Every structure is written in C-alpha cells, then in structure tokens.
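For reference, the structure is listed below as structure tokens.
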Amino acid sequence: MFGMIGAVLTLTATLAVTAFGYLQSRKFVRGRLAYVDAVQRGYAPFVAAAGAFALALPVVGILPFIGGGTALLFGAAVGTGVAAGAKDTRLRRLRA
C-alpha cells in the first residue's frame, strides 16, 4: 500500500517538475529572449537542457523519493521549451 502511494507521489512530482520546466522556459524565451539571436542557434536548446540538468541533479540527490530520471526529464523539458519558444519567436517575426 505504501509502496503504491510512494510511486504515485514520485510520478506526480516528476510530471509537475517536467511541465513546469517546459512551460516556464518557453514563456521566458518568448517574452524576454525574443530578440536575442543566440536563442535561434541550433545548440541553444542543448545548452539549456544541460544547464537545467546540472542544476537539478544536486536537488534530486537531496530528495529521497525522486531519482536521477526526474532531473534528466527536467533537462529535456527545458530544452524542448527553449526550442518551442524560439520557434514561436521565429514565426511571430515572419508574420509581422
């Protein structure tokens, strides 16, 4: 019973952190970095993903119910959020 509750708690925390990373990074790129050319480079999502993973890894080490996969998914979510925000910015420039 407690194992199932722990699994649900872990899954919920992982999904929440992943969604938060994606949505906030996309919003940040669309709003604050709209006119920064470096965000439009192909390596920008990979740099953001690696940075987010590096920042999340020590936090994951402290929390007992979350593993390294959560940090990996958080980094991937931030990277895809940066890529989506950069694409939104490019499309907005083309429409204007």
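Once the Cα atoms are used to define both axes, helix 2-31 deviates from the longest principal axis of the chain by about 10 degrees. Principal-axis analysis of the Cα atoms of the chain puts helix 68-95 at an angle of about 20° to the longest axis. Arranged from fewest to most other beta-carbon atoms within 10 Å of their beta carbon, Arg90, Arg95, Arg30 become Arg95, Arg90, Arg30. Helical content alone sets the calculated 222 nm signal of the chain at -28500 deg cm²/dmol, taking -39,500 (n - 2.57) per DSSP H segment of four or more residues and averaging over every residue. At full extension, Thr12 and Arg41 could sit 7.1 nm farther apart than now, given 0.36 nm per residue minus the alpha carbon distance. Take each peptide in 81-89, 63-71, count the other Cβ atoms within 10 Å of every residue, and average; sorted highest first, the result is 81-89, 63-71. Note on the chain: GNM, Cα springs under 10 Å; of Val39, Val60, Val78, the largest mean-square fluctuation is that of Val60. Taking other Cβ atoms within 10 Å as a rough exposure proxy, Tyr22, Tyr43 sort from fewest to most as Tyr43, Tyr22. Between Phe65 and Met4, the C-beta separation translates, for a Förster distance of 22 Å, into a calculated FRET efficiency of about 0.95. Pairwise Cα distances in the chain exceed 19 Å in 45 percent of cases.
Since every read-out is calculated from the coordinates, none of them should be taken as a lab result. Keep in mind it's a predicted model, so treat the numbers as computed, not measured. We place every Cβ from the backbone using ideal geometry, glycine too, and count neighbours over all the protein chains shown.
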